[in-house]
Amino acid sequence: MTNTPHTVTVAEAIGRALADLGAAHVFGVTGSGNFHVTNALVDAGVPFTKTRHEMGATTMADSYTRVSGRPSIVSLHQGCGLTNAMTGIAEAAKCHTPILVVTGDTAAGDVTSNFHIDQDAAVASVGAVPMRIHSARTAVQDATDAFTTALRHRRTVVLSMPVDIQDELVDAVTVRPPAPVSAPGASPAAIDQLVNLLADAERPVLVGGRGARGARAEIEALADAAGALLVTSAAGRGLFVGNEWALDVMGGFATEPAAELIRDADVIVAFGAALNKWTTRDGDLLTAATVVHVDDQPDAIELHQSVNLGVIGDAAVVADAVGRRLRERAPGKTGYRSPGTAERVRTARYWSEQPFTPHPSDGFVDPQELTNTLDAMLPIERVVVPDGGNVNCYAGAHLRVPDEAGYVIPLSFQAIGMGLAAAVGAGIARRDRLPVLGTGDGAFMMSLVELDTAVREGLGMLVIVYNDSAYGAEINLFDGVTDKLDIARFPETDIAAIARGFGCEGVTVRHIDDIAPVAEWLAGPRDRPLVIDAKITGVPSWLMARGRATRTPGVTAH
């Protein structure tokens, strides 16, 4: 840090420091406790998106960083501003998204303030890292430590800034960005074991998760050496798009033919993928395989699933080391890659290409037919965001994606209502792509206030609301268990009219031909969102239906 010849408030020093450190964007709702630090960030050149709700701000930042790979900031008021953001903070923390939340805090000892809570305890309870400004003297270093912790450890960090300290004066300083840290490699013994397993494997499958982003080339080279098929977890979806030996996605969103290919594997190597019950279909996809989990976080290995070998190291570094050794050990290995398997992979890859018979009813469109039709209409340069609930599989599995930056799934906390803000954050991160949100009417109505943010940002985003006038997951979960389902049903809502009230374009779809205005919107300037109020048949989605029939997990509303 180099001293400059004037003094500034602590709030201004923190804002300048975070800008110097490389903050790419700030999202927030301003209050008295974060007003000055937010202005300091803006004055230092960091773009600011003002949102209508704190959870929206946090979810936008989470999505922005996932899509862009650049660190973002959330700016919140103390107490209630922080608690309003907690669901978004929990989601980001569970996804190891490296964002920094800066929040005001009450002055030390001011326990009678209406805003007073134990912020550190609240933050820690949802899995984020609580840090704080301790004094005016240490403020810039405290902020630097918080930002560096978020980046280097891929953690969601919440920095509490007591309001009394923010007003003190300190010398202005310039802060250097944190030095890059080399990615860790695995031990020679672990590399040897993995090479031996893949050399002997007849039907290997390599899985790329969120932790494998940035490692595509190395994992594909290893797959070539091993004769392996490729697939991703839902969080890593898009990583291997364009590879002829790649399936689309593993787990609950996989097509049944794709699940069969994975289930028949004799060795499965997961790179940076949580082998949780959703990814493995409650372990069903792993029953016949020797399972290897590669991750740079030791605590991630066997967190959800017992494995035969755990390898601690960076996905790219490990894949590269194993691939080089395997090419020497078993040159020309074909493994799972036969002409017959190639055809099975091609036909199994995408849900939108699976045969099915639409079942519309009078005044209600079949959601699968609608999604497949839209998938064919929309440009492939898109970012797809599925919300939670009964309908998440339609956008989550049927809409194709161009690459790993074309998909954001905000479902690690399994909350509904996060999709709209996530799509806004993705659209701000990638102005060159079409954000496409698939959400239910229940989730949409929880969060529709952020349509205002999308309109102000001039985002040409597409919002598909699968409207069954209910919390559909609960209806389908408890149908047949009880007839007391009215507590999860709502009167029909004109969502297209609500959208127009926010300044969006809106269209109501009751029949597949009603989507014609979408083509007109796509051909136009696309300077505002289009909201599709899709009145869908009130039946279980295929994911819910499969879960009820097989007792393997789908994704429910909460």
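Are there any helices (runs of 4 or more DSSP H) wholly within the range 121-206 with 2 or more residues that are closer than 14 Å to Val102 by Cβ and out of contact with any Gly (no Cβ under 6 Å at 6 or more places or on another chain), and if so which? Filter on the range 121-206 gives 139-153, 163-166. Find the residue count for the range 305-324, including only residues that are within 20 Å of Asp266 (Cα to Cα) and either of a type outside the set (A, V, I, L, M) or free of Cβ contacts under 8 Å to residues at least 60 places away in the same chain (or both). Residues that pass the stated criteria total 6. With respect to Val157, is the statement that it is in contact with a Ser or Thr (Cβ under 7 Å, 6 or more places away or on another chain), within 21 Å of Glu12 (Cβ to Cβ) and in contact (Cβ under 8 Å) with a residue 24 or more places away in the chain true? Taking the combined requirement at face value, the residue satisfies it. Yes or no: the range 355-369 includes at least one residue that is modelled with pLDDT under 95 and of a type in the set (Phe, Trp, Tyr). Yes - at least one qualifying residue is present in the range 355-369. Whether any residue in the range 238-252 is assigned to a loop (DSSP other than H, G, I, E, B), over 19 Å from the mean Cα position of the chain (by Cα) and crowded, with 24+ Cβ neighbours inside 10 Å is what I want to check. Scanning the range 238-252, I find at least one residue that is assigned to a loop (DSSP other than H, G, I, E, B), over 19 Å from the mean Cα position of the chain (by Cα) and crowded, with 24+ Cβ neighbours inside 10 Å, so the answer is yes.
Screening Leu194 on (1) in contact (Cβ under 8 Å) with a residue 12 or more places away in the chain; (2) within 26 Å of Arg66 (Cα to Cα) shows it passes everything except condition (2). State whether one or more residues within the range 342-350 are over 30 Å from Ala429 (Cβ atoms) and in contact with a His (Cβ under 9 Å, 6 or more places away or on another chain). No - not one qualifying residue is present in the range 342-350.
Quick check: anything in the range 104-120 closer than 28 Å to Ala212 by Cα and crowded, with 24+ Cβ neighbours inside 10 Å? No.
The conditions of being in a loop (DSSP other than H, G, I, E, B), at pLDDT below 95, over 18 Å from Ala254 (Cα atoms) and assigned by TED's automatic domain parsing to the domain that holds Ile532 are met by Phe413. Residues in the range 5-16 that are part of a helix (DSSP H, G or I) and aliphatic (A, V, I, L, M): Val10, Ala11, Ala13, Ile14. Restricting attention to the range 280-299, the residues that are free of Cβ contacts under 8 Å to residues at least 60 places away in the same chain and outside any loop (DSSP other than H, G, I, E, B) total 7.
If I filter the range 310-322 for residues that are charged (D, E, K, R), at pLDDT below 95, in the same structural domain as Gly208 (by TED's automatic domain parsing) and out of contact with any His (no Cβ under 9 Å at 6 or more places or on another chain), do I get at least one hit? For the range 310-322, residues charged (D, E, K, R), at pLDDT below 95, in the same structural domain as Gly208 (by TED's automatic domain parsing) and out of contact with any His (no Cβ under 9 Å at 6 or more places or on another chain): absent. Looking for something aromatic (Phe, Trp, Tyr), more than 23 Å from the chain's Cα centre (by Cα), surrounded by fewer than 19 Cβ atoms within 10 Å (Cβ to Cβ) and outside the structural domain of Gly242 (by TED's automatic domain parsing) - is there at least one such residue anywhere in the range 345-357? Scanning the range 345-357, I find at least one residue that is aromatic (Phe, Trp, Tyr), more than 23 Å from the chain's Cα centre (by Cα), surrounded by fewer than 19 Cβ atoms within 10 Å (Cβ to Cβ) and outside the structural domain of Gly242 (by TED's automatic domain parsing), so the answer is yes.
Scanning the range 280-331 for residues that are over 28 Å from the mean Cα position of the chain (by Cα) and charged (D, E, K, R), we see that the one that is surrounded by the most Cβ atoms within 10 Å (Cβ to Cβ) is Arg325.
Taking into account only those residues within the range 253-279 that are over 23 Å from the mean Cα position of the chain (by Cα) and either in a loop (DSSP other than H, G, I, E, B) or of a type in the set (Phe, Trp, Tyr) (or both), which is surrounded by the most Cβ atoms within 10 Å (Cβ to Cβ)?
Ala265
Note on the range 511-544: residues that are touching a Cys at 6+ places or on another chain (Cβ under 7 Å) and basic (Lys, Arg) total 1. The residues of the range 424-450 that are more than 20 Å from Thr65 (Cα to Cα) and assigned to a helix (DSSP H, G or I), listed by number, are Asp441, Gly442, Ala443, Phe444, Met445, Met446, Ser447, Leu448, Val449. Checked against (1) under 30 Å from Val241 (Cα atoms); (2) among the acidic types (Asp, Glu); (3) assigned by TED's automatic domain parsing to the domain that holds Ala23, Asp224 passes all but condition (3). Of the residues making up the range 379-391, those that are of a type outside the set (A, V, I, L, M), within 19 Å of Arg66 (Cα to Cα) and out of contact with any Cys (no Cβ under 8 Å at 6 or more places or on another chain) are Glu381, Arg382, Asp387, Gly388.
Asp514: at pLDDT 95 or above, in the same structural domain as Gly406 (by TED's automatic domain parsing), touching a strand residue (DSSP E or B) at 6+ places or on another chain (Cβ under 9 Å) and part of a helix (DSSP H, G or I), yes or no? Considered against the rule, which asks whether it is at pLDDT 95 or above, in the same structural domain as Gly406 (by TED's automatic domain parsing), touching a strand residue (DSSP E or B) at 6+ places or on another chain (Cβ under 9 Å) and part of a helix (DSSP H, G or I), Asp514 comes out as yes.
Residues that are among the hydrophobic types (A, V, I, L, M, F, W, C) and farther than 13 Å from Val531 by Cβ within the range 444-457 comprise Met446, Val449, listed in sequence order.
The values are calculated or read from the model by the stated rules, or taken from the named source; none is laboratory data. Quick caveat: nothing in here was measured; it's all calculated off a predicted structure. Note that we place each Cβ from the backbone using ideal geometry, even for glycine, and neighbour counts take in every protein chain shown.
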